[in-house]
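The values are calculated or read from the model by the stated rules, or taken from the named source; none is laboratory data. Being a predicted model, the structure only gives us computed values, none of them experimental. Neighbour counts are summed over all protein chains in view; Cβ atoms, including those assigned to glycine, are modelled from backbone coordinates with ideal geometry.
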Amino acid sequence: MEHRLRAPLSDGDVRRLRVGDAVLLDGTVWGLRDATLIRIFDQGQAPPVDLRGGILLHVAPSVRPSAAAPSGYEPMTVGTTTSTRMERFTRGLLRDYGVRAIIGKGGLLDDSSAAFAEYGGAYLAIVGGAASVETEQVEAIERVYWKDLMPECLWQFRVRAFGPLTVAMDSQGASLYRDVARTARERLAAIYAKMGLRP
C-alpha cells in the first residue's frame, strides 16, 4: 500500500503500516545523529523539543548560512546516514519520548524491531545515494537546536512529499532485514548442499 502521512504521527498512522508499504511524508521531520543521541541518553539532557509522534531522520546535513531562512541555515545536502550504530537508542526514543518513526538506511536490529512492536513504531528505509532528491524535498530548516554539536545538532526540517520511503520494520514485528538474512542463509545452505559441501 501507499501512504501519505503528516507529522506528528498518531498511533493509528503507525499501526496500519506494513513491511513493504511505501510512504510519503509532510510536515516536521527531526534530523539527528550520534552526538545528539549521546547527549540525550548518556549525558542525561532532555530534548529541547517535544518529540511525541515525531519522525526522526538519521542525518548530519551539509548546510550554509542564509539570512532568508527561518533558522539562519539552508540545506546544501541532506544525506541519510547508516542507522545500525544508533541501535541502542531506539527503545528509549519510543518509550521515553514518544517517537513514532525513524528514517535511515541499512536498517536496525532485533531489539529495535521488538521496540517498534511494543510501543508502536516503524523504520522507514530510504534509498542510499538519494541525497540530492532528499534535499529537494526539504522545504526549509525551521530551527536548529544544540548548535555546539554542529553538524550533529537537532534539526527541525519542514518537508513535503519526502520519500518515497519503504516500511522496512513495522509495529507487527516484521522486518525486511530479518527476512533477507533468512533467505540468504537458506540459499547459501542450498548452494553448499548442491556442491556436496558443508557450510
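Would it be correct to say that Ala161 is assigned to a strand (DSSP E or B), of a type outside the set (Val, Ile, Thr), more than 25 Å from Ala69 (Cβ to Cβ) and touching a helix residue (DSSP H, G or I) at 6+ places or on another chain (Cβ under 7 Å)? Working first, answer last.
Values: assigned to a strand (DSSP E or B): yes; of a type outside the set (Val, Ile, Thr): yes; more than 25 Å from Ala69 (Cβ to Cβ): no; touching a helix residue (DSSP H, G or I) at 6+ places or on another chain (Cβ under 7 Å): yes.
No.
Can you confirm whether region 57-72 contains a residue that is modelled with pLDDT of 95 or more and among the aliphatic types (A, V, I, L, M)?
Within region 57-72, the subset modelled with pLDDT of 95 or more is 57-58.
Next, from what is left, pick out any that are among the aliphatic types (A, V, I, L, M): 57.
There is at least one residue in region 57-72 that is modelled with pLDDT of 95 or more and among the aliphatic types (A, V, I, L, M).
Which residue is farthest from Arg158 (Cα to Cα), if the candidates are limited to region 18-29 and must be among the aliphatic types (A, V, I, L, M) and surrounded by fewer than 22 Cβ atoms within 10 Å (Cβ to Cβ)?
Val19
So which strands (runs of 3 or more DSSP E) are wholly in region 30-144 and hold at least 3 residues that are surrounded by 14 or more Cβ atoms within 10 Å (Cβ to Cβ) and among the aliphatic types (A, V, I, L, M)? Don't jump to the end; show me each part of the working.
Details: elements: 55-58, 62-65, 73-77, 101-104, 122-125.
The qualifying strands (runs of 3 or more DSSP E) are 55-58, 101-104, 122-125.
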